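This report concerns only the one structure given below.
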Amino acid sequence: MGAKLQNGCKAVNTGRTVLHVGKYFPPFKGGMENFVADLVRAQATWGPWRPVVLAHGRSGEDLEPWVRLVPTWGEVSHAPVSPGFPLALRSIIGRESPALLHLHLPNTSAFWALILPCARRLPWVVHWHADVVPSRIDRRLAALYRTYRPMEQAVLRRAAAIVATSPDYLAGSEPLRGHRAKCHVVPLGMDPERLPPVNELPMRRAQVLWGPGRPLRVLAVGRLSYYKGHDVLLRAAAQVPGCRVIIAGSGERRPALEKLMGALGVKHRVTLTGFLPDMDLWALMGSADVLCLPSLEKTEAFGVVLLEALRYGLPVVASDIPESGVGWVVRRASCGVLVPPGNAQALARALSHFSQDPLALKALRSRMGKGFPRQFHIRYVAERLERVYAAAVTPSSRGDGKIA
């Protein structure tokens, strides 16, 4: 296990273990969490790196032997409150002797690596999932970011390599501006086998939710949060009588959305499902005509839900958010139509086009082709990350902002 060192940390060896430090881990629902879960399972299956994960959650939810979840006392401004996290981080470094830390940001608990000597002795790869955006919509975040930024920048300076998830996001990221020499672009990916073919019972439940007739079926998936743009989708739907909308997700914006649905007179054509089990969500994807991602700002950094739509051959109508990876993914996968963020009229025109011209929707599905795109398959992503790891453990190797 290695000799004891100062502050209770243990010496690391030169093995091939990588310790992922995440915010949460499934069954917590989120794009970053699903990606990390798919990645570590791919690494555990195909190697050569042996993954270990430390994240927040209930300890009874540990799903694999390489996952350790640390209890939280809730959240403050989207940040988990977890007094036991630094002790857990020190313990797992001592027990597993990783050769590399893979820090997934944003995540305030990752900042403990700045303080623990055993963490500071290791090379770090920082996976930059998103900027902490000083939002124009939620002004409170700008004040909070002033406290967060010094620690964020300290982590970036200390990192041996930084992973951005798209060229567009890297180019527009102000926090990464001074660190681009060690940045690598590796898109997020997923394991398409994680999303199984939908069986009959969930599909029946989906058909009940869609209701009678055959209008254009528009699905939106995601937390009902300030930046997701669900109000824009409702205003667009009000202009397209030939569509039926299901918004799958829970969150603090639900009362406001329900009020807007009443004011727009679309309650009979829009359903807010709240939380759904995975199989019911996949059934909705398998039976929808279009996935809509109407997010408003670059807090929507990539859109893992776009990859899930690709798994089911589901065309996309999404916001072309400046400096976000959403538009890059849609263009790269040739999987849909982009509209300006926050523009209900443009979104309505795109949905109306598909509603009035089913052949256009069929042609788009045909252009998308068959099979999941290799560039977003988690095995291919894991292989590219191996090259980033090699750069991190080789001090002379530097990033160049190109796709790894």
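The values are calculated or read from the model by the stated rules, or taken from the named source; none is laboratory data. Since the structure is predicted, the reported quantities are computational estimates derived from the model, not experimental observations. All Cβ positions, even for glycine, are placed from backbone atoms using ideal geometry, and neighbour counts span all protein chains on display.
The figures follow:
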| read-out | value |
| --- | --- |
| Selection from region 36-75 of residues that are in contact with a Ser or Thr (Cβ under 9 Å, 6 or more places away or on another chain) and within 25 Å of L144 (Cβ to Cβ) | L54, A55, H56, G57, V70, P71, T72, W73 |
| One residue from S97, S109 being farther than 29 Å from P167 by Cβ and in contact (Cβ under 8 Å) with a residue 40 or more places away in the chain | S97 |
| Matching residues in region 137-152 - criterion: being surrounded by fewer than 16 Cβ atoms within 10 Å (Cβ to Cβ) and either among the aliphatic types (A, V, I, L, M) or at pLDDT 95 or above (or both) | I137, A142, A143, M151 |
| Conditions (1) surrounded by 21 or more Cβ atoms within 10 Å (Cβ to Cβ); (2) touching an Asp or Glu at 6+ places or on another chain (Cβ under 6 Å): number failed by V316 | (2) |
| Conditions (1) of a type in the set (D, E, K, R); (2) under 15 Å from the mean Cα position of the chain (by Cα); (3) under 18 Å from G172 (Cα atoms); number of the one not met by E308 | (3) |
| Residues of region 218-248 satisfying the condition of being surrounded by fewer than 22 Cβ atoms within 10 Å (Cβ to Cβ), outside any loop (DSSP other than H, G, I, E, B) and of a type outside the set (A, V, I, L, M) | D231, R235 |
| Region 68-96, subset within 14 Å of T17 (Cβ to Cβ) and of a type in the set (A, V, I, L, M), residue surrounded by the fewest Cβ atoms within 10 Å (Cβ to Cβ) | I92 |
| Selected residue (only one of L5, L69, L39, L54 is within 16 Å of L116 (Cα to Cα) and at pLDDT 80 or above) | L54 |
| Lone qualifier among E174, E200, E193 - being closer than 25 Å to R332 by Cβ and over 19 Å from the mean Cα position of the chain (by Cα) | E174 |
| Subset of region 142-187 [free of Cβ contacts under 8 Å to residues at least 60 places away in the same chain and more than 16 Å from H104 (Cα to Cα)] | A142, A143, Y145, R146, T147, P150, E174, R177, G178, H179 |
| Unique match (being touching a helix residue (DSSP H, G or I) at 6+ places or on another chain (Cβ under 8 Å) and outside any strand (DSSP E or B)) among H184, H179 | H179 |
| Pairs with Cβ under 6 Å, 6+ apart, first in region 253-280 and assigned by TED's automatic domain parsing to the domain that holds Y312 and modelled with pLDDT of 95 or more, second part of a strand (DSSP E or B) and buried (at least 18 other Cβ atoms within 10 Å of the Cβ) | M261/V270; R269/R244; V270/V245; T271/I246; L272/I247; T273/A248 |
| Failed criterion for V126 (all others in (1) in a strand (DSSP E or B); (2) among the β-branched types (V, I, T); (3) at pLDDT below 95 hold) | (3) |
| Contacts under 8 angstrom Cβ, first residue in region 357-379 being closer than 10 Å to P315 by Cβ, partner aromatic (F, W, Y), 6 or more apart | A360/F354; L361/F354 |
| Members of region 188-211 that are assigned to a helix (DSSP H, G or I), charged (D, E, K, R) and either in contact (Cβ under 8 Å) with a residue 60 or more places away in the chain or buried (at least 20 other Cβ atoms within 10 Å of the Cβ) (or both) | R194, R205 |
| Condition met for A333 (in the same structural domain as L219 (by TED's automatic domain parsing), surrounded by fewer than 21 Cβ atoms within 10 Å (Cβ to Cβ) and more than 20 Å from the chain's Cα centre (by Cα)) | no |
| Positions within region 269-280 being among the aliphatic types (A, V, I, L, M) and surrounded by fewer than 23 Cβ atoms within 10 Å (Cβ to Cβ), in sequence order | L272, L276, M279 |
| Region 8-36, subset in a helix (DSSP H, G or I) and under 16 Å from I92 (Cβ atoms), residue modelled with the lowest pLDDT | G8 |
| Residue among L291, L284, L314 that is in contact with a helix residue (DSSP H, G or I) (Cβ under 6 Å, 6 or more places away or on another chain) and under 21 Å from P27 (Cβ atoms) | L284 |
| Selected residue [within 29 Å of E386 (Cα to Cα), of a type in the set (S, T, Y) and in the same structural domain as Y389 (by TED's automatic domain parsing)] from Y169, Y148 | Y169 |
